[in-house]
Amino acid sequence: MKFNDTAPRLPKPNGPPPWLPKLAENATFQGAALKRPVQGREKILGILSEAIQLYEFQNYFYHGEVAYDGPADGKLFLTSYQAKIQGVPIDCAVWVHLNAAGEADSVLVNHYPLTSALLFSRLMWERVGDRFGDLYLTGPQAEALEAAGFWS
């Protein structure tokens, strides 16, 4: 059973995620569609503002704080949804660590399946290549994967 199939569909949240206004200045952003982590609030906000526009819709299944036992101070926030980009199904789980001060200091975005994550990466390169091109799968890289039969 796929992760998002383990819970009932939730109503779409009103407004941005509650952690977004609490994004720390030195926050880190990681994801399956990224070649490397991104550091810094302004860069992360720039990326997120472009990424959200790729989704045709988002159906939410998990959205809220998650209790955990561990040595780290702070809390975790999980958002999980199904969506489509250019007609292609894509699932996503977003994990956010909130530090002891309540700031979102680490964001992990996992798009899946892999072919959808790579499509997302290529589409982001097309949108933000001038500012963040080194973070995403370039057009020629995507074409090479396609020529190798990766998307088959």
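Just so it is clear, none of the values below were taken in a lab; they were calculated from the coordinates. The shown structure was predicted, so the numbers you read here are calculated from the model rather than taken from an experiment. Cβ: placed from backbone, ideal geometry, glycine included. Neighbour counts: every protein chain shown.
A Gaussian network model of the chain, with springs between Cα atoms under 10 Å, assigns the largest mean-square fluctuation among Gly15, Gly133, Gly64 to Gly15.
The antiparallel fraction among DSSP beta bridges confined to the chain stands at about 85%.
The alpha-carbon atoms of the stretch 75-152, seen along their principal axes, cover 48, 27, 18 angstrom, with the largest extent given first.
Cut-off 10 angstrom, C-alpha nodes, Gaussian network model of the chain. Which of Pro37, Pro17, Pro140 fluctuates the most? Comparing Pro37, Pro17, Pro140 in the GNM, the peak value goes to Pro140. With helices as the sole contributors, the chain gives -8000 deg cm²/dmol at 222 nm; each DSSP H run of n ≥ 4 counts as -39500 (n - 2.57), and the sum is divided by every residue. Based on alpha carbons, the Rg and Dmax found for the chain are 15.8, 48 Å. The GNM of the chain, with springs linking C-alpha atoms under 10 angstrom apart, assigns the highest mean-square fluctuation among Asn26, Asn14, Asn59 to Asn14.
Below 15 Å, Cα to Cα, which aspartates and glutamates can Lys22 reach? Residues fewer than 8 away in the same chain don't count. Correct list for Lys22: Glu42, Glu65, Glu103, Asp105. If exposed means no more than 16 neighbouring beta carbons inside 10 Å and the site is in a DSSP loop, what's the longest run of the chain without any exposed chymotrypsin sites (Phe, Trp or Tyr not before Pro)? Longest stretch, sites excluded: 69-149. Annotation for the stretch 1-96: trypsin sites (Lys or Arg not before Pro) lying in DSSP loop with at most 12 further Cβ atoms inside 10 Å of their Cβ are Lys2, Arg9.
Listed values for the stretch 131-147 are Karplus-derived 3J(HN,Hα) couplings in whole Hz (6.51 cos²θ - 1.76 cosθ + 1.60, θ = phi - 60°), namely 9, 10, x, 6, 8, 10, 5, 6, x, x, 5, 5, 5, 5, 5, 5, 5, and x replaces Gly and Pro. Of the GluC sites (Glu not before Pro) found in the stretch 49-152, those that fall in a DSSP loop while having at most 12 other beta-carbon atoms within 10 Å are Glu56.
Per-residue 3J(HN,Hα) values for the stretch 28-42, derived from phi via the Karplus relation 6.51 cos²θ - 1.76 cosθ + 1.60 with θ = phi - 60°, read 10, 10, 10, x, 5, 8, 9, 7, 7, x, 10, 10, x, 4, 5 Hz in sequence order (x marks Gly and Pro).
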